[in-house]
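What follows is a single structure, written as structure tokens, with notes after it.
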Amino acid sequence: MQKLKALRARITDLKKMVVCFSGGVDSTLLLKLAREVLGDNLLAVTVVSELFPRNEQEESVRLAQSIGVEHLKITGDELANPLFVANPENRCYHCKNARFRLIREWARDRGFETVVDGANHDDLGDYRPGMQANREQGIISPLCEVGLNKDEIRQLSRSFGLPTWDKPALACLASRIAYHQTITAEKLKQVEAGERYLRGLNLMGDIRVRHHGPTARLEVDPEEISILTSAEVRNPLTTYFKSIGFDYVTVDLQGYIRGSLNRLILDD
């Protein structure tokens, strides 16, 4: 694939880098190729906070170890930022701007001038205010630069035997909270607990627990909606979601839609 050749060449040009590593499909492929090209001139950094599920934080450690890259975790504190907590439409900008600044400062202290992330070409066609933070902080996005989209990244990941090739899309827990509803640690914990419960039902596709105040709106693949509404699942599911603080539990009949909360602002 020409894009793969271009990606390897771009990584070679960068010579030494820190990879912002989430353990998702995109950053895992980038880390794998960077390890092959740059060897030890490479570090993986994961910012851990209440915004990301604990199991994903643990998975990032295992993946970095399996690839053979030194991996460090640094602590973020997004909930201390009132601009982020207010949850405006550009919430992601405030989060990523602070995270990238933290990573850049950490990298420079250790002799790394180049910081890269796993943004891909599809991110250019979605509402992604966080991409502004990439530009402002000088973060390089090699996958995006060579035009690799999500499907191509999954295909390459599969060819390299990466376990993440079919991993559902990742997004921080705050992305589940409707815009202009204050982001709190309690709401993030509700979302994390709810999605952990849904994963325990052995659903195969993407899942989201959208937080609309007292209401949890559940998104799963359309083919799996019938699982949630079946008699044997519906009642215990409802009981559980009420036990973690929701008054109402709904299932979105459209199924999972990436960035579905953006419809509230893009349709205006």
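Read-outs: derived from the displayed coordinates by stated rules, not from any lab. This one's a predicted model, so the numbers in the text were calculated from it and none came from an experiment. Using ideal geometry, Cβ is built from the backbone for each residue, glycine included, and neighbour counts are taken over all protein chains shown.
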C-alpha long axis of helix 185-199 to longest principal axis of the chain, angle in ° | 90
Computed over the chain: longest principal axis from alpha-carbon atoms vs helix 25-38 long axis, angle to nearest 10 degrees, is 10
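What do you get for Rg/Rh over region 43-183 if you use C-alpha atoms and the Kirkwood form of Rh? Let's see the in-between values first.
Numbers: Rg = 15.4 Å, Rh = 16.3 Å.
Across region 43-183, the Cα-based Rg/Rh ratio is 0.95.
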Summing -39500 (n - 2.57) over the DSSP H runs of n ≥ 4 in the chain and dividing by its residue number, what mean residue ellipticity at 222 nm do you reach, to the nearest 500 deg cm²/dmol?
-> -13500 deg cm²/dmol
What are the ³J(HN,Hα) values, in whole Hz, obtained from phi via the Karplus relation 6.51 cos²θ - 1.76 cosθ + 1.60 with θ = phi - 60°, for each residue of region 67-81 in sequence order, with x given for Gly and Pro?
-> 7, x, 10, 4, 10, 10, 10, 10, 9, x, 9, 4, 6, 8, 9
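In region 14-109, which trypsin sites (Lys or Arg not before Pro) fall in coil by DSSP and have 16 or fewer other Cβ atoms within 10 Å? Mind showing how you got there, number by number?
Numbers: sites: 15, 16, 32, 35, 54, 62, 73, 91, 96, 99, 101, 104, 108; in loops: 15, 16.
For trypsin sites (Lys or Arg not before Pro) across region 14-109 that sit outside H, G, I, E and B with at most 16 neighbouring Cβ atoms in 10 Å, the list reads 15, 16.
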Neighbourhood net charge (10 Å Cβ-Cβ; Lys/Arg +1, Asp/Glu -1) for residue 210 | +1
Figure the gain on full extension for residue 180 and residue 238 (residue separation times 0.36 nm, minus the Cα-Cα span) and round it to one decimal in nm.
-> 18.3 nm
Using alpha carbon positions and the Kirkwood radius, the Rg to Rh ratio of the chain is 0.97
Looking at region 12-94 from every direction and averaging, what is the projected area of its Cα convex hull in nm²?
-> 6.1
Total charge dipole magnitude, the chain, about the Cα centre, Cβ charges on Lys, Arg, Asp, Glu only, Debye to nearest 20 | 500
Neighbourhood net charge (11 Å Cβ-Cβ; Lys/Arg +1, Asp/Glu -1) for residue 96 | +2
May I ask you to give the average projected area over all directions of the convex hull of the Cα atoms of region 173-266, in nm² rounded to one decimal?
-> 5.6
How compact and how long is region 87-164, expressed as Rg and Dmax of its alpha-carbon atoms in Å?
-> 14.2, 40
Measure off 7 Å from each Cα along the Cα-to-Cβ vector at residue 72 and residue 132, then give the distance between these two points in nanometres to one decimal.
-> 3.0
Please find the FRET efficiency linking residue 40 to residue 105, where r is the Cβ-Cβ separation and R0 is fixed at 22 Å, and quote it to the nearest 0.05.
-> 0.50
